[in-house]
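Rule-based calculations on the coordinates, nothing more; no lab input. Just so it is clear, the structure is predicted and the values come from calculations on it, not from any experiment. Neighbour counts are summed over all protein chains in view; Cβ atoms, including those assigned to glycine, are modelled from backbone coordinates with ideal geometry.
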Amino acid sequence: MTNGSALRPHRGTLVLVLGILGLVCCMPCGIVAWVLGNTDMKDMAAGTMDPSGLGMTKAGKILGIISVVLFVIGVIAWVAMAALGIAAGAAGAASQH
């Protein structure tokens, strides 16, 4: 607790909603959920933010992390498929000559 001052309200609901949006449709929301969740959890541990939203904050942060990881995996897969397609196209063109 801080010297008699009121705790800041938690943003657990916001972090959770952003984490869900990041996972479902909008990866940048996942990044925001990850960053906000991390900051808010530090503030809760320091006693400057209401800890009652810790569960929602953790869940939103985890969903944000998952959305970013899935996006990175998708980009890597897309690049690999494009590279394989280019390589297959080049191999096919070379075999026709």
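If we scan region 4-18, do we find a residue that is surrounded by 10 or more Cβ atoms within 10 Å (Cβ to Cβ), part of a helix (DSSP H, G or I), among the small types (Gly, Ala, Ser) and in contact (Cβ under 8 Å) with a residue 12 or more places away in the chain?
Among the residues of region 4-18, at least one is surrounded by 10 or more Cβ atoms within 10 Å (Cβ to Cβ), part of a helix (DSSP H, G or I), among the small types (Gly, Ala, Ser) and in contact (Cβ under 8 Å) with a residue 12 or more places away in the chain, which makes the answer yes.
Among all residue pairs at least 6 apart or on different chains, which show Cβ distances below 7 Å where the first residue, located in region 49-71, is under 13 Å from residue 18 (Cβ atoms) and the second is acidic (Asp, Glu)?
Listed by first residue and then by second, the contacts come to 57/40.
Can you tell me which residues in region 27-86 are among the acidic types (Asp, Glu) and either in a helix (DSSP H, G or I) or over 13 Å from residue 11 (Cβ atoms) (or both)?
Scanning region 27-86 gives 40, 43.
Quick one: in region 36-48, of everything that is without any contact (Cβ under 8 Å) to a residue 24 or more places away in the chain and farther than 18 Å from residue 64 by Cβ, which residue is nearest to the chain's Cα centre (by Cα)?
45
State yes or no: is residue 33 within 18 Å of the chain's Cα centre (by Cα) and of a type in the set (A, V, I, L, M, F, W, C)?
Considered against the rule, which asks whether it is within 18 Å of the chain's Cα centre (by Cα) and of a type in the set (A, V, I, L, M, F, W, C), residue 33 comes out as yes.
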